[in-house]
1. In the stretch 14-31, which residues are among the β-branched types (Val, Ile, Thr) and either touching a His at 6+ places or on another chain (Cβ under 7 Å) or closer than 15 Å to Ala66 by Cα (or both)?
2. Pairs only if they're at least six apart or on different chains, beta carbon under 9 angstrom, first in the stretch 48-73 and touching a residue at least 40 places away in the same chain (Cβ under 8 Å), second of a type in the set (S, T, N, Q) and in a strand (DSSP E or B); list them, first residue then second.
3. Ala27 is checked against (1) of a type in the set (A, V, I, L, M); (2) modelled with pLDDT under 95; (3) under 13 Å from the mean Cα position of the chain (by Cα) and fails just one. What number does that condition carry?
4. Test each condition in (1) farther than 22 Å from Gly9 by Cα; (2) touching a Phe, Trp or Tyr at 6+ places or on another chain (Cβ under 7 Å) for Gly42 and report the one that comes out false.
5. Filtering the stretch 31-73 down to residues that are open to solvent by 50 Å² or more (accessible area, probe 1.4 Å) and acidic (Asp, Glu), which residue is farthest from the chain's Cα centre (by Cα)?
6. Just need a number here: residues in the stretch 11-24 that are within 11 Å of the chain's Cα centre (by Cα) and either more than 15 Å from Gly60 (Cα to Cα) or open to solvent by 80 Å² or more (accessible area, probe 1.4 Å) (or both).
7. Is it the case that Ala27 is hydrophobic (A, V, I, L, M, F, W, C), free of Cβ contacts under 8 Å to residues at least 24 places away in the same chain and surrounded by 12 or more Cβ atoms within 10 Å (Cβ to Cβ)?
8. Is it fair to say Ser64 is polar (S, T, N, Q), touching a Lys or Arg at 6+ places or on another chain (Cβ under 9 Å) and within 22 Å of Phe7 (Cα to Cα)?
Amino acid sequence: GPFTKAFAGRTKEGIGISSSRADVISAYGEPTVTESIDGKPGFEVLRYKPLGLMIEIGAGKVYSIAVIFKPTP
């Protein structure tokens, strides 16, 4: 949507909206878990559990990045 195109932020490894799937794998390695999104071909979620990252890919490009924080005890 229009908000994802407006966001220009990047991770310290240089990954941002519209980065390629190959860029993500190059920066972080193979994901801990890969999931399809509603069975849609070309759409997937790459989860990097130790890093707390969830990256959604559509048509080979990043369209969403989520950071999951775990509260410290």
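The values are calculated or read from the model by the stated rules, or taken from the named source; none is laboratory data. Computed from a predicted model, the values in this text were never measured in an experiment. Positions of Cβ are generated from backbone atoms using ideal geometry, with glycine treated the same way; all protein chains shown enter the neighbour counts. What goes into the accessible areas is simple: the full protein's heavy atoms, side chains included, and nothing from ligands, DNA or RNA. Shrake-Rupley method; radii C 1.70, N 1.55, O 1.52, S 1.80 Å.
1. Listed by number, the residues that qualify are Ile15, Ile17, Val24.
2. Partner pairs satisfying both residue conditions: Ile55/Ser64; Gly60/Ser20; Lys61/Ser20; Val62/Ser20.
3. (2)
4. It fails just one condition, (2).
5. Per the criteria, the residue is Asp38.
6. So the first thing to find is which residues in the stretch 11-24 are within 11 Å of the chain's Cα centre (by Cα), and the list is 11, 15-21, 23-24.
Those still in the list that are either more than 15 Å from Gly60 (Cα to Cα) or open to solvent by 80 Å² or more (accessible area, probe 1.4 Å) (or both) too: 11.
Residues meeting the conditions: 1.
7. Judged against the criteria, Ala27 is a match.
8. no
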